[in-house]
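The values are calculated or read from the model by the stated rules, or taken from the named source; none is laboratory data. Since we're looking at a predicted model, the values are computed, not measured. We place every Cβ from the backbone using ideal geometry, glycine too, and count neighbours over all the protein chains shown.
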């Protein structure tokens, strides 16, 4: 299985090197989708039906650990820290 992954990915993913898990998951799902004759049409494969969706990303700034209580209160009143 590992050797097949190395060969199918043109040696982009190798079991002797650590790689990006999200990138590997994307590669794996896309490869499975294509192998199951999937297309861009909805419901064209079980992979498309299960994993198609949208992702929302939320972010906010983190108050520095060395901030005083006053600085912490002041920063938490700003939208980028309050999220």
Residue match in region 68-79 (condition: free of Cβ contacts under 8 Å to residues at least 24 places away in the same chain and under 28 Å from the mean Cα position of the chain (by Cα)): yes
When residues of region 48-61 are limited to those that are surrounded by 10 or more Cβ atoms within 10 Å (Cβ to Cβ) and farther than 20 Å from residue 28 by Cβ, the one modelled with the lowest pLDDT: 60
So residue 66, is it part of a helix (DSSP H, G or I), modelled with pLDDT of 80 or more and exposed (fewer than 10 other Cβ atoms within 10 Å of the Cβ): no
Matching option when the condition is at pLDDT below 85 and in contact with a helix residue (DSSP H, G or I) (Cβ under 9 Å, 6 or more places away or on another chain), among 26, 45: 45
